[in-house]
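In what follows, a structure is listed as C-alpha cells, so that the remarks can point back to it.
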Amino acid sequence: MSLKEAAASPRGTSPWIFVAWAAVLAVVAARNMPVAHASHSHTGSNQLHISTIHGNDGTSTSPGGQDEQYCAMSHTSAVSSTWLGDNVQDTLINYPGNMWDGAANWRVDLWRTQKACNEYDSATRGTIEIEYYVKEDWWDVELCQGYYSCVVADNGVWDSVGGHTHYKWMYVRYQLEHIYNTTAERKRKFINHETGHVLGLRDPAGQGTDCAVTSVMHNDLYGCGYSVWYPTSSDLAAVTRVADRTNTY
Amino acid sequence: MRKLSNRELAHVAAMLGMLVIGVRCGPEVQQDSGDAHFTTQNALMVAERRALQLCVELDPALEGQSEQLLESLEQDVAALAEAHPDWQSAGFGRAPVRVQRGCPGTAMPSGRMQSKGARLGPGLTSRPSPFRTFVHILGEAKAQEVLGDEPAVRAHAELMRVEDHMAAEVSTSLVIRASALGTEAFRQTWLPTGVGLKTLGGPAAVSPDSVK
C-alpha cells in the first residue's frame, strides 16, 4: 500500500468496501423492517356490523325496526342473566358522552329486552339483534376458547344501498373473568370493546400496534399506553362512517 | 483490472454471508396459503366463489323423490332470481346458479334445532366450501322431530374468522319440510334468508317489550 492510499483509508480499507457494506446493510434492514399495518378501526373494509346501524326509526319510549335490541343470557351459575343484562345496560346507556347508545346520531339506539334471551319464543327472539352471553370459559366455541371474549356475526343480509353484506344477529360471548370479580373499568372495557365489534370496529393488527388513535378497541388490554374504557370520539366517528355507509365496501 | 486483496476478499465473503443470513432470517413473503378470502362485497361471502351454488341433503325417507325435489328447488331459485330486486347487485347474476346433491361435512340434523344461533355444517373454517347455502329437505316424520311446529330453521353452516376474536357466517344451512318447496312462504321468506337476501314480504316481526 502506498502512503497516499494509506492516507485515504487509514486502516487500509478501500472506500468501495464501505459503500458495499452500506448497500448490504440497507438490503438486510429493508428485508427485516416490521410490516406497517393500517389503523384498524378507522379505515378499510369488511367492517362487519349489525344490519340496523344505518337507520333510526324508533321513538323515545319504544324501539323501531332499525334500532338495536339486546338480551342477555348467562351460561354459568356464578352470575344470573339479570346480572349480565344489568351490567351491559349500565355500560351501554349510563355514561352520556362515553357510551355507544346514541352514537351516529341515534342510529345506534340500544334497547334491553326485559327477559333473558332464552325466555322468548323463536319468532320474537329472531327480532333481537344482539345477544350477550357469559360463561367461565368457551372451550366449546373455537373462536373464544378459554381466554378470549369473542363475537360471532350470523344471518348475513345483502344491503343493496351500501353494496355490502351486514348481519342481522350478533352473539357476544364474555369470559366470566373479564367482567366479573374485576374492576368496574375493566368490565366496561370488555363490554364496550365487544360492542364496538358489533358496530363495525376491528381489533388492532397486534399487541401494541395501531396505538396512535386512542380507541376502546386497542387500549392497554392490547398493549397500548392508555387505559380508555369508553368509546372515544375517534371510535364514535368511525361508527358514524359505518352507519353512513362511507367506511365499508 | 485490479486484483482484490485478501482483506477485500474477506469483506466480500462477509457481505455475502450477511446478505444470505439477513434475507433468509427476514419475515416470509406472504404466500398464497390456499385459504379463502372473506368478503362483504357480494352476498356470496367468499371471494373465491364465482356463482351461487346450493348443495342439498335429502332425508333418506325422500330418496325416491330426489329428482322431483331438486327440480322443485331449482324452480324456487329461478323464481327468486326473477322476483328479487337485489339478485343482480348481490352478485348472483354473474354465473348460472348450481344446485347439486351432497353437502360437505354435514350429517342430517337430529333432535330439535334451535331457531337462532344453531350450527349445522362444518362450522369455523379457513377454507369454506363453494356452497353459499346448504339445504336440508326433511320428510314429515323427521321434520316433526327437528322443526316441531316451525316451518323451517336456518343455521350457520360455515363461519370464517374475520378478526382474532370475531367470526362471520359465510354459508347458511336451511332446514325445511319437503312440503314447503314451491310454496310462497319458502320463496318469499326462507329461500331469500338462506342465500342472504332480504325477505320478500312475510309477516310483520314481533318485537319484544324492550326498555332503555
Considering residues that are away from every other protein chain (no Cβ under 14 Å) and not in a loop (DSSP other than H, G, I, E, B), the number found within the range B:37-86 is 28
Counting just the residues of the range B:178-198 that are closer than 24 Å to B:Arg112 by Cβ and under 20 Å from the mean Cα position of the chain (by Cα), which one comes out nearest to the other protein chains (Cβ to nearest Cβ)?
-> B:Thr193
Could you pull out the residue among B:Val175, B:Val146 that is surrounded by 20 or more Cβ atoms within 10 Å (Cβ to Cβ), in contact (Cβ under 8 Å) with a residue 12 or more places away in the chain, within 14 Å of another protein chain (Cβ to nearest Cβ) and not in a strand (DSSP E or B)?
-> B:Val146
Any residue at all in the range A:190-207 that is within 10 Å of chain B (Cβ to nearest Cβ), surrounded by fewer than 17 Cβ atoms within 10 Å (Cβ to Cβ) and more than 12 Å from the chain's Cα centre (by Cα)?
-> yes
Which of the residues spanning the range B:96-115 are more than 14 Å from chain A (Cβ to nearest Cβ) and either at pLDDT 90 or above or within 14 Å of B:Thr172 (Cβ to Cβ) (or both)?
-> B:Pro96, B:Val97, B:Arg98, B:Val99, B:Gln100, B:Arg101, B:Gly102, B:Cys103, B:Pro104, B:Thr106, B:Pro109, B:Gly111
Just one of the numbered conditions (1) without any contact (Cβ under 8 Å) to a residue 12 or more places away in the chain; (2) under 23 Å from A:Asp121 (Cβ atoms); (3) among the charged types (D, E, K, R) is not true of B:Glu163; which one?
-> (2)
Test: B:Lys116 is free of Cβ contacts under 8 Å to residues at least 24 places away in the same chain and either farther than 23 Å from B:Leu159 by Cβ or surrounded by 12 or more Cβ atoms within 10 Å (Cβ to Cβ) (or both) | yes
Just need a number here: residues in the range A:139-158 that are at pLDDT 95 or above and not in a loop (DSSP other than H, G, I, E, B).
-> 9
Does A:Gly146 satisfy being in contact with an Asp or Glu (Cβ under 6 Å, 6 or more places away or on another chain) and more than 11 Å from every other protein chain (Cβ to nearest Cβ)?
-> yes
Selection status of B:Val99, in a helix (DSSP H, G or I), more than 30 Å from B:Asp164 (Cβ to Cβ) and in contact (Cβ under 8 Å) with a residue 24 or more places away in the chain | no
Across the range A:119-140, what is the total count of residues that are touching a residue at least 12 places away in the same chain (Cβ under 8 Å), of a type outside the set (Ser, Thr, Tyr) and more than 9 Å from chain B (Cβ to nearest Cβ)?
-> 7
Subset of the range A:76-114 that is over 20 Å from A:Glu185 (Cα atoms), in contact with a strand residue (DSSP E or B) (Cβ under 7 Å, 6 or more places away or on another chain) and within 12 Å of another protein chain (Cβ to nearest Cβ) - its residue that is surrounded by the fewest Cβ atoms within 10 Å (Cβ to Cβ) | A:Gln114
Subset of the range A:159-173 that is of a type in the set (Ser, Thr, Tyr) and either part of a loop (DSSP other than H, G, I, E, B) or touching a residue at least 60 places away in the same chain (Cβ under 8 Å) (or both) - its residue that is nearest to the other protein chains (Cβ to nearest Cβ) = A:Ser160
Within the range A:142-150, can one find any residue that is of a type in the set (A, V, I, L, M) and out of contact with any helix residue (DSSP H, G or I) (no Cβ under 7 Å at 6 or more places or on another chain)?
-> yes
Matching residues in the range B:102-113 - criterion: being surrounded by fewer than 12 Cβ atoms within 10 Å (Cβ to Cβ) and in contact (Cβ under 8 Å) with a residue 12 or more places away in the chain | B:Gly102, B:Ser110, B:Gly111
Might you let me know whether the range B:120-131 holds any residue that is crowded, with 17+ Cβ neighbours inside 10 Å and of a type in the set (S, T, N, Q)?
-> yes
Taking A:Arg186 as the residue in question, decide whether it is at pLDDT 95 or above, over 21 Å from A:Ala104 (Cα atoms), assigned to a strand (DSSP E or B) and of a type in the set (D, E, K, R).
-> no
Quick one: how many residues across the range B:137-186 are within 30 Å of B:Ala36 (Cα to Cα) and of a type in the set (D, E, K, R)?
-> 6
Residues in the range A:223-249 that are farther than 17 Å from A:Leu48 by Cα and more than 14 Å from chain B (Cβ to nearest Cβ): how many?
-> 11
Which residue out of A:Ala72, A:Ala123 is in contact with a Gly (Cβ under 7 Å, 6 or more places away or on another chain) and under 26 Å from B:Leu159 (Cα atoms)?
-> A:Ala72
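The values are calculated or read from the model by the stated rules, or taken from the named source; none is laboratory data. Every value quoted in this text rests on a predicted model; they were computed, and no experiment measured them. With ideal geometry, Cβ positions are generated from the backbone for all residues, glycine too; neighbour counts draw on all protein chains shown.
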